[in-house]
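Before any comments, here is the structure.
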Amino acid sequence: MATSPKRIAWDACSWIAHIQKEKILGADGKTVAEDRGAMCRPVLNAAERGILEIVVSALSLVEVLCKNREAGIDDQKVRDYFDNDYILLVSVDKQVGDRARQLMLEGHAKLKPPDAIHIATAAIANAEELHTFDDRPAQADPQQHRDELLPASRY
């Protein structure tokens, strides 16, 4: 009997980093301090091989489109990334909204509504990890909300 793939979640910033091949420059403005696009590739490779399933909130469709439009990247390319068998697209429904609202009411410092939605989506979809480059979601209690907030560099 085949085992189910490990389920992880990606915040919109992980998709943006991958699609835009994002690189963060060091203090000198020339040296690459963090190649976020390259950090995402092994995760996608693992998903393509059936080792992982990537959970993504439907909210990401809008967030990723906006950021990539600003960068001049075609919308069809963006949509194609979400049209794979290894992507589990989760609707922002009442259950997700209530969980995100609960996070906001718990007073997590600097947690913005889109971040709360991504965390709630990961928790409801039983993702073992939430990969993000954003430091704001780290204010939420990972144990309580079933999130292990890690950069997309683990695979």
Exercise. Residue check, CYS40 against (1) closer than 22 Å to ILE117 by Cα; (2) more than 13 Å from the chain's Cα centre (by Cα), all met but one. Which one?
Worked result: (2)
For this session: With respect to ALA120, determine if the residue is touching a residue at least 24 places away in the same chain (Cβ under 8 Å), farther than 18 Å from PHE133 by Cα and not in a loop (DSSP other than H, G, I, E, B).
Result: no
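When you check ASN126 against the structure, is it without any contact (Cβ under 8 Å) to a residue 40 or more places away in the chain and among the polar types (S, T, N, Q), yes or no?
Working: without any contact (Cβ under 8 Å) to a residue 40 or more places away in the chain: no; among the polar types (S, T, N, Q): yes.
It is false that ASN126 is without any contact (Cβ under 8 Å) to a residue 40 or more places away in the chain and among the polar types (S, T, N, Q).
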For this session: Just give me the residues in the stretch 82-101 being part of a helix (DSSP H, G or I) and small (Gly, Ala, Ser), in sequence order.
Result: GLY97, ALA100
For this session: Determine whether ASP93 is closer than 22 Å to HIS18 by Cβ, of a type in the set (D, E, K, R) and surrounded by fewer than 20 Cβ atoms within 10 Å (Cβ to Cβ).
Result: no
For this session: Go through (1) in contact with a strand residue (DSSP E or B) (Cβ under 6 Å, 6 or more places away or on another chain); (2) in contact (Cβ under 8 Å) with a residue 60 or more places away in the chain one by one and return the number of the condition CYS40 breaks.
Result: (1)
For this session: Residues that are modelled with pLDDT of 90 or more and either among the polar types (S, T, N, Q) or surrounded by 14 or more Cβ atoms within 10 Å (Cβ to Cβ) (or both): find the helices (runs of 4 or more DSSP H) completely inside the stretch 1-81 holding 1 or more of those.
Result: 12-19, 36-48, 59-70
Problem set entry | Tabulated pairs, the stretch 7-25, first at positive phi, second of a type outside the set (Val, Ile, Thr), C-beta under 6 angstrom, 6+ apart or interchain | LYS21/GLY37
Exercise. From the list PRO137, PRO114, which one is crowded, with 18+ Cβ neighbours inside 10 Å and at pLDDT 90 or above?
Worked result: PRO114
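The values are calculated or read from the model by the stated rules, or taken from the named source; none is laboratory data. These numbers were taken from a predicted model, which means no experiment stands behind them. Every residue, glycine among them, receives a Cβ derived from its backbone with ideal geometry; neighbour counts consider all protein chains shown.
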